[in-house]
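S.K.: My questions will all concern the structure given below.
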Amino acid sequence: MHKLKENELLALTQDYPHWKIDPDGKAIRADFTFADFKAAFAFMASVAAEADRIDHHPEWFNVYNRVQIRLTTHDADAVTERDHTLARFIELAAQASGV
Ligand code: H2B
């Protein structure tokens, strides 16, 4: 499992503008604000289906129209290619939801 290097993490935050690197470099986070709960939950349903398909799951928190997400790979204790793949899907799903 490929752990993302510093330059790859920085490239990720440039490609996917909602994402930030945790201070310890072991996780990435994004905050999304949608029009309402219905839009937030539709986004979450789409991400949940993809997470299940690829067996890689977000740590997330939702209140009304806000969804906060943290991605890490537990086995590697780092951000890996699997987090990158899910972050890309999440970014595109958020954009499709009008974020
Ligand atoms: N999701 C995330 N985000 N990180 C993991 O390390 C992880 C996961 N591990 N989903 C998977 C499931 C593992 O527990 C199963 C057994 O493949």
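The values are calculated or read from the model by the stated rules, or taken from the named source; none is laboratory data. Keep in mind that this is a model prediction, so the values were computed, not measured. Neighbour counts are summed over all protein chains in view; Cβ atoms, including those assigned to glycine, are modelled from backbone coordinates with ideal geometry.
S.K.: Please return the ranges of helices (runs of 4 or more DSSP H) entirely within the chain where 1 or more residues are touching an Asp or Glu at 6+ places or on another chain (Cβ under 9 Å).
M.R.: By residue number, 6-15, 81-96.
S.K.: If you don't mind, there's one more thing I want to ask. Residues of the range 56-80 being of a type outside the set (A, V, I, L, M, F, W, C) and out of contact with any helix residue (DSSP H, G or I) (no Cβ under 9 Å at 6 or more places or on another chain), which ones?
M.R.: Across the range 56-80, the qualifying residues are 59, 68, 70, 74, 75, 77, 80.
S.K.: Residue 33 - would you say it is in contact (Cβ under 8 Å) with a residue 12 or more places away in the chain, over 18 Å from residue 5 (Cβ atoms) and over 10 Å from the mean Cα position of the chain (by Cα)?
M.R.: It is true that residue 33 is in contact (Cβ under 8 Å) with a residue 12 or more places away in the chain, over 18 Å from residue 5 (Cβ atoms) and over 10 Å from the mean Cα position of the chain (by Cα).
S.K.: Considering the range 82-99 alone, what residues qualify as being surrounded by 15 or more Cβ atoms within 10 Å (Cβ to Cβ) and of a type in the set (D, E, K, R)? Give the derivation first.
M.R.: Filtering the range 82-99 for residues surrounded by 15 or more Cβ atoms within 10 Å (Cβ to Cβ) gives 82-84, 86-87, 89-91, 93-94, 97, 99.
Selection gives 82, 83, 91.
S.K.: Please tell me if residue 49 is buried (at least 17 other Cβ atoms within 10 Å of the Cβ), more than 22 Å from residue 11 (Cβ to Cβ) and more than 10 Å from the chain's Cα centre (by Cα).
M.R.: Criteria not met by residue 49.
S.K.: Can you name every residue in the range 47-99 that is acidic (Asp, Glu) and more than 25 Å from residue 7 (Cα to Cα)?
M.R.: 50, 52, 55
S.K.: If residue 61 satisfies all but one of (1) more than 16 Å from the ligand (Cβ to nearest atom); (2) exposed (fewer than 14 other Cβ atoms within 10 Å of the Cβ); (3) within 15 Å of the chain's Cα centre (by Cα); (4) at pLDDT 95 or above, what's the number of the condition it fails?
M.R.: (1)
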